[in-house]
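Structure, as C-alpha cells:
The values are calculated or read from the model by the stated rules, or taken from the named source; none is laboratory data. As the structure is a prediction and not an experimental result, all values here were calculated from the model. Heads up, the Cβs are rebuilt from the backbone with ideal geometry, glycines too, and the neighbour counts pull from every protein chain shown. Heavy atoms of the whole protein, side chains included, go into the accessibility calculation; ligands, DNA and RNA do not. Shrake-Rupley method; radii C 1.70, N 1.55, O 1.52, S 1.80 Å.
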Amino acid sequence: MRFFPFVFALLPTLALSALAQAKQRPPNVVIIFTDDQGYADVGVFGAKGYTTPNLDRMAREGRRFTDFHVAQAVCSASRAALLTGCYSNRIGMHGALGPGSKTGIAGGELTIAEMLKAQGYATAIFGKWHLGDRPQFLPTKHGFDEYFGIPYSGDMWPFHPAAKPGAYPPLPLFEGDQPIKVGLTPEDQEQLTTQYAEHAVSFIARNKERPFFLYVTPNQPHVPLFVSAKFKGKSGAGLYGDAIMEIDWAVGEILGALKKNGVDENTLVIFSTDNGPWLSYGNHAGSAGPLREGKGTAFDGGQRVPFIARWPGKIPADSVCPEPAMTIDLLPTLAKLTGGKLPEHKIDGLDIWPLLAGDSSAKNPHEAYYFYYGVNELQAVRSGDWKLFFPHKARSMQGQEPGKDGIPGKYKALPVGLELYNLSDDLGETRNVAAENPEVVQRLQVLAEKARENLGDSLTKRVGTGTREPGRWVPPAGQ
C-alpha cells in the first residue's frame, strides 16, 4: 500500500511520456491504387452517372492533385515506378507481365515496403501485385509482411472471351507466398474487392499500436468487371459504375477503420490509379474526361490520373494542387516523412511534401518528366506547361466501333509526329503549336537528350548508361 502514492505521483509523468511517444511515432501510410480507373471516374474529378461519396469526402478532408501522373500507362511498369521511385524502364520493367514471366522486380531494388519495414513498420498488400509471379518476385520477398490477392491482372485467365483457348493458366489467389486457390471462378472474382477491404480493416486493427504501411490494390475496374451482389445494379450506370461504387465503399471501410482504431490523425492516405481507362472496352471502360486518349498511350488520358491525399492537420482540407507530380515522387516523399533511408542507387523521384502540405510557394522540383512506353520508347517530355511528343506509333479509338460488355473494340494506328502542346490552355492536346514555338521545342529536345543518355530510347536506338536489369527467374535445381 505504501507504494501507491509513489505510483500515483508517477502517473502524470507516464502520461506525458506516452504522449511524447505518440507525437514521435512516424505516420502510418495507406496507398489505395486501383486498376484502369480513368481521370474522370471520381465524383470530384467529373464522374457522371454514379456517385463516389467516400472519395469525395476524402477530397473535402484533404487535397486533390489535378495534374498527377503515373510513370507509364500500363500495369506492371506503373506499379514498379510507384514502389521504387524509379522510372520503370530504369529498372527494366516494361509493359504488363504475364503468368509465369521469367522477369520481375529485381531483388536489389528498394520498395516503399522495404524502406518502411526497416523503420519498424508493419507492411501489407491486399490486391493485385503484377510485378512477377515467380516465388522470388512475390510481395513477401520485397518488404511486405502480408499478402492476399492475385499476382497479375484478372483478365489473364482461361475465361477471357478475347483470348485464344489455352492462352492463360488458371488464375491463382495468394495468401502470403502460397496460392490458397488455383482456378478462380467468376463468382470468386465478384468477392475480391470486398475481401481486400476486409483484410485492410483487419490489418489496421491488428497494427494500431505500431506504424504501418498498407497498400491496397483492387483489380477493378480493370476488365473483366466484377462486383459483389450488394453493388450489382446499384449505380444505375452499368457494371462499370457498380465497380467504382464498390471501390468507393472499400475506401470508406478503410477510412472508418482508421477512425475506429484511433489512428486517423496520424495516417497519410493516398488514393490514385495505375493508368487511364482501357478505352477499347467501351461500356466496360472508364472516362478520361477532357483528356486525350487512354491507357497504353503517352497522352494525358493514359498517364494523368486522379490523386487524392488526406492527413488531418497536416494536409490542408478541401484544397487543390495544380502543380504536376508523378508516382515516382512518393517514395522520396515518404522517406522524408518517416525518416526512411533512400537507396544508394539512383532513383528518379523527388520530395513533393511541400506540394502535399499546401505550401503556397511550392513548385514542382523536377526540370522535366519523361513519358516512356513500350520497350523503352521515349514518346514525350513534359516541362512546365509544355509537352513535346516525338515521332512514334500510338493507338486510338477515335472513330472506331467501341467494345461492349467485356468484348474489346479494335484500335486504329495513330501516327504521332514531333508535336508540341501547351497544357495550360489545351488540356485535350488538340493543337500542335511546335511551328510557332521553335525555342520551346529546342529546349525540350535538349532535355530529352539527357534522358536518352541516361535511360536510353529505343525509338532513336540509344542505350542508356543508367539502367539496371530486372529480376530474372532462377529455376530451382533440377528444373
TODO: Provide Rg over Rh for the chain; use the alpha carbon set for both Rg and the Kirkwood Rh (inverse mean inverse pair distance).
DONE: 0.98
- [ ] For ASN219, list long-range residues whose amide hydrogen, built 1.01 Å from N in the peptide plane, is under 5 Å from its own amide hydrogen.
- [x] LYS128
- [ ] Starting at the first residue of the range 127-136, write each ³J(HN,Hα) from the Karplus equation 6.51 cos²θ - 1.76 cosθ + 1.60 with θ = phi - 60°, in whole Hz, x for Gly and Pro.
- [x] x, 7, 9, 6, 10, x, 10, 5, x, 6
Open item on the list: Using only Cα atoms and rounding to the nearest 10 degrees, what angle (0 to 90) does helix 438-455 make with the longest principal axis of the chain?
Closed with: 60
Open item on the list: Output wanted: per-residue J couplings in Hz (rounded whole) for the range 274-282, from phi through Karplus 6.51 cos²θ - 1.76 cosθ + 1.60, θ = phi - 60°, x for Gly and Pro.
Closed with: 7, 5, x, x, 8, 5, 5, 8, x
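For an R0 of 60 angstrom, estimate the FRET efficiency from the Cβ-Cβ distance between GLN445 and ARG210 and round to the nearest 0.05.
Once rounded, the FRET efficiency stands at 0.75.
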Task: Three-way shape call for the range 24-126 based on the alpha-carbon gyration tensor, with the a/c threshold at 1.5 - done: oblate
TODO: Quick one: check the C-alpha center-to-center distance for the range 312-370 versus the range 227-258, whole angstrom.
DONE: 30
Task: Accessible carbon and sulfur surface of the range 77-135 relative to its total accessible area, %, 1.4 Å - done: 52
Task: ³J(HN,Hα), Karplus 6.51/-1.76/1.60, whole Hz, each residue of the range 215-225, x for Gly, Pro - done: 10, 10, 10, x, 8, 9, x, 4, 5, x, 6
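On average, how much accessible surface per residue is there in the range 86-244, in Å², for a 1.4 Å probe, leaving out ligands, DNA and RNA?
Value returned for the range 86-244: 34 Å² of accessible area per residue.
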- [ ] Working from Cα positions, state the angle (0 to 90°, nearest 10) between the long axis of helix 4-24 and the longest principal axis of the chain.
- [x] 10
TODO: Amide H neighbours of LEU414 under 5 Å, at least 5 residues apart or on other chains, H built in the peptide plane: list them.
DONE: ALA394, ARG395, SER396
TODO: Any chance you could give the angle, 0 to 90 degrees and rounded to 10, that helix 238-260 forms with the longest Cα principal axis of the chain?
DONE: 30
Open item on the list: Please list, ordered by chain and number, the residues whose modelled amide H lies under 5 Å from the amide H of PHE307; skip anything fewer than 5 residues away on the same chain.
Closed with: PHE65
TODO: Report the label-to-label distance for LYS461 and ALA477 in nanometres (one decimal), using points 7 Å from each Cα along the Cα→Cβ vector.
DONE: 4.5
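Over the chain, what is the mean sequence separation of C-alpha contacts under 8 Å (at least six apart), divided by residue count, expressed as relative contact order in percent?
Relative contact order of the chain: 22 percent.
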TODO: Find the relative contact order for the range 80-140 and round it to a whole percent, using C-alpha pairs within less than 8 Å whose residues are 6+ positions apart.
DONE: 38
- [ ] Could you let me know the centre-to-centre spacing of the range 184-219 and the range 51-81, using Cα atoms, in angstrom?
- [x] 18
